[in-house]
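One structure below.
The values are calculated or read from the model by the stated rules, or taken from the named source; none is laboratory data. Since we're looking at a predicted model, the values are computed, not measured. Glycine gets a Cβ as well: all are built from the backbone with ideal geometry, and neighbour counts include every protein chain shown.
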Amino acid sequence: MDKGLQITLFTTDHCSLCDLALDTLLGLPQARGVMLRTVDVATSAELIAAYGERIPVFTCTAPKRLLKHLSQQGLTAELAAPITASAVAGWLNKLQAAAAELDQ
């Protein structure tokens, strides 16, 4: 995956769905080389408002030109529940394909 991409998991302590989402991501071959960051939504009122009722949520942080390209392709830089292995794998594949398209 492009070195400019980073996946963030918005989570909180004692969230079994968040733990399952993380395990799902880490168990996928598509996740090899992905830069992963976790953010506890309980650390800020703004994060609680944005993600609190929707966690776990994966987001992709990427260079602006890739985010623009994703948007033009009708792809989202966010993946929320339900978090399944097939949903995460498909999302990662789309991100990787979009990044590769821009690298050409």
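A few notes on this one:
- Residue in segment 32-40 that is aliphatic (A, V, I, L, M) and at pLDDT 95 or above present: yes
- Some residue of segment 41-53 being among the hydrophobic types (A, V, I, L, M, F, W, C), on the phi < 0 side of the Ramachandran plot and under 13 Å from the mean Cα position of the chain (by Cα): no
- Qualifying residue in segment 49-64 (condition: aliphatic (A, V, I, L, M) and touching a Lys or Arg at 6+ places or on another chain (Cβ under 8 Å)): no
- Restricting attention to segment 51-69, the residues that are out of contact with any strand residue (DSSP E or B) (no Cβ under 8 Å at 6 or more places or on another chain), closer than 20 Å to D13 by Cα and surrounded by 12 or more Cβ atoms within 10 Å (Cβ to Cβ) add up to 1.
- For segment 34-66, residues that are closer than 11 Å to L102 by Cβ and either among the aliphatic types (A, V, I, L, M) or assigned to a helix (DSSP H, G or I) (or both) total 3.
- Restricting segment 70-104 to residues that are free of Cβ contacts under 8 Å to residues at least 40 places away in the same chain, under 12 Å from the mean Cα position of the chain (by Cα) and in a helix (DSSP H, G or I), the residue that is surrounded by the most Cβ atoms within 10 Å (Cβ to Cβ): W91
- Boolean, D13 is part of a loop (DSSP other than H, G, I, E, B) and either of a type in the set (D, E, K, R) or touching an Asp or Glu at 6+ places or on another chain (Cβ under 7 Å) (or both): yes
- For segment 16-27, a tally of residues being surrounded by fewer than 16 Cβ atoms within 10 Å (Cβ to Cβ) and either among the aromatic types (F, W, Y) or in contact (Cβ under 8 Å) with a residue 12 or more places away in the chain (or both) returns 3.
- Taken over segment 33-45, the criterion of being of a type outside the set (A, V, I, L, M), exposed (fewer than 14 other Cβ atoms within 10 Å of the Cβ) and under 21 Å from L17 (Cα atoms) is satisfied by R37, T38, T43, S44.
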